[in-house]
Amino acid sequence: MQTLFINIKELVQVRNEGIAIVSGEDMAILPKIDNAYLLIQDDTIVDFGSMENCPKLEYGTVIDATGKVILPTWVDSHTHIVYAGNRIQEFVDRINGLSYEEIANRGGGILNSAKKLNETPEDIIYEESKKRLEEVIQLGTGAVEIKSGYGLTVAGELKMLRVIQRLKENYSLPIKATFLGAHAFPSEYKENHTAYIDLIINEMLPQIAAENLADYIDAFLETGYFSVEETIKIMEAGKKFGLPAKIHVNQFTTIDGIAACVAHEALSVDHLEVLTDADIAVLKNSKTMPVALPSCSYFISIPYTPARKMIAAGLPLALATDYNPGTTPSGNMNFVVATACIKMKMTPEEAINAATINGAYAMGISATHGSITKGKKANIIITKPLTSYYQLPYEFGNNLIEQVMIDGKFV
Ligand code: NIG
Ligand code: FE
């Protein structure tokens, strides 16, 4: 089956093979072809170029994209979309003056979601999660990482990871599962951290590995959550089971966690709302992708990740939603891209690079996703008629997507 898009106003993020990451000043370059064609064979991008060189199709479908922009689907490399219920009351409590920390200290926050998760049957969690996944696909997300971390018990963590496994089996977009048993200490382990870490390492991890339920391992490295030493133990244990690390770090405080993550070859470090010059120096020339989550900053009113400073230092940056019931009850990558432009002063080119090619790196799928490249999967966004791709972040909050294609099929 062949599909040929013709007269595309702007075909955005066109790359040669082998480019997996854009950093520093290169982030300002977003290669595009005006008045372009794009040829798809089954689930794969096979050709593209300027309309002057457009091939004649002998069989298949020709679609006229006059006035429209085509770009690769968003890659959301950091989410927690598998969860039970919601935390609407905490939202109202925060409006009334409580902080995220105060709510967590009185048993709310992650432990609130963990209670709900453990009480809810797997099938219901699956149904709720699947709805969220379908919604974000309609919003242009064509690859997604999903974390556990609201179980915090052997049964609860396995339940979450099995839900992610079912999503993987039933949806064709790439889904990566991240084991986040080290998301918070359950109250019964508040005074005995070692026992909970032992539970993660000796009980949870072996079962997860035996069922092949995770691709990555994560921990919430933060004051009041997991210390640098505790996170190192988690990363080392993950490594033994073949799970590279993707770590929540520097969300509220900086405790020299990033250096440990880089030393342990973390694939990504995520959040980074507070970042020191030393943190930036450590990330420079590392293989670890920094990931910013601007919807989280927006929702809980914390600083935005200092993108300008990071890019000026030559770093790459990826953008993701952090979709979760506590700090980001939204999985809209279009809003993330717009907020990165508006609040973090990233240019549209930088934000789109961060939400596509660098996001693909942060979830280990650079070979197949994140750009319009021959041989990559045909996961694309077709917009409504636009002035230019600048309109995407400009009209923040509006849905400018007309169609989404995953693996060569319209969804
Ligand atoms: O990425 N910071 C840690 N984890 C989530 C929030 C968890 C929650 O509040 O449920 C985050 O923001
Ligand atoms: Fe998160």
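The values are calculated or read from the model by the stated rules, or taken from the named source; none is laboratory data. Because the structure is a prediction, the values reported are computed rather than measured. Every residue, glycine as well, gets a Cβ built from its backbone with ideal geometry; the counts of neighbours run over all protein chains shown. Side chains included, ligands, DNA and RNA excluded: accessible areas come from the protein's heavy atoms. Shrake-Rupley method; radii C 1.70, N 1.55, O 1.52, S 1.80 Å.
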Region 215-318: relative contact order from alpha carbon pairs under 8 Å, six or more residues apart, as a whole percent, is 21
For the chain, modelled as a GNM with alpha-carbon contacts under 10 angstrom, which of Ile381, Ile300, Ile365 fluctuates the most?
-> Ile300
Computed magnitude of the charge dipole of region 171-244 (debye, nearest 20; Cβ of K, R +1, Cβ of D, E -1) = 220
Sequence neighbours fewer than 8 away in the same chain don't count; with that in mind, list the aspartates and glutamates whose C-alpha is under 15 Å from Lys56.
-> Asp47, Asp64
To the nearest 10 degrees, how steeply does helix 110-119 sit against the main Cα axis of the chain, on a 0 to 90 scale?
-> 90
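Could you work out [θ]222 nm for the chain from helices alone, using -39500 (n - 2.57) per DSSP H run of at least four and dividing by all its residues? Round to the nearest 500 deg cm²/dmol.
Rounded to the nearest 500, the figure is -9500 deg cm²/dmol.
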Given 348-355, 30-37, 192-199, the highest-first ranking by average Cβ count within 10 Å works out to 348-355, 30-37, 192-199
Bin by bin, in steps of 10 Å, what percent of the Cα pairs in region 81-137 do you find, going until the bin that has the longest distance?
-> 22, 42, 30, 6
Whole-number accessible area per residue in Å² for the chain, which is evaluated in the context of all protein chains at 1.4 Å | 39
In region 75-363, what percent of the accessible surface is made up of carbon and sulfur (1.4 Å probe, ligands and nucleic acids excluded)?
-> 53
Any lysines whose Cα falls less than 19 Å from that of Lys377, other than same-chain ones fewer than 8 residues away, would be Lys32, Lys168, Lys176, Lys409
Cα-centre dipole for the chain with unit charges at Cβ (Lys and Arg positive, Asp and Glu negative), debye to 20 = 440
Could you order Lys343, Lys409 by accessible surface area, starting with the largest, using a probe radius of 1.4 Å?
-> Lys409, Lys343
How far is helix 122-138 tilted, in degrees, relative to the longest principal axis of the Cα atoms in the chain, given as a value from 0 to 90 rounded to the nearest 10?
-> 40
So how far, in whole Å, is the C-alpha centre of region 305-323 from the one of region 363-388?
-> 21
Any idea how far apart Glu17 and Thr223 come out in nm if each label point goes 7 Å out from Cα toward Cβ?
-> 5.0
Potential lengthening between Glu127 and Glu52 on full extension [0.36 nm per residue; Cα-Cα distance subtracted] | 22.3 nm
By accessible area (1.4 Å), largest first, Val411, Val69, Val282 order as Val411, Val282, Val69
Could you give the length gained on full extension between Asp34 and Asn170, defined as 0.36 nm per residue of separation minus the Cα-Cα distance, in nm?
-> 45.4 nm
To the nearest Å, what is the center-to-center distance of region 389-411 and region 232-283, using C-alpha atoms only?
-> 32
If you find the alpha carbon centre of region 99-118 and of region 184-229, how far apart are they in angstrom?
-> 17
Under a cut-off of 20 Å between alpha-carbon atoms, report the lysines in cross-link reach of Lys233, not counting same-chain residues fewer than 8 places apart.
-> Lys147, Lys190, Lys246
Using only protein heavy atoms and a 1.4 Å probe, report how much of Ile175 is accessible, in Å² to the nearest 10.
-> 20
Using a 1.4 Å probe, how large is the accessible area of His80, given in Å² and rounded to the nearest 10?
-> 0
Cut-off 9 Å between beta-carbons: net charge of the residues surrounding Pro385, Lys and Arg +1, Asp and Glu -1 = +2
For Phe252, Phe185, give the ranking by accessible area with the largest first, probe 1.4 Å.
-> Phe252, Phe185
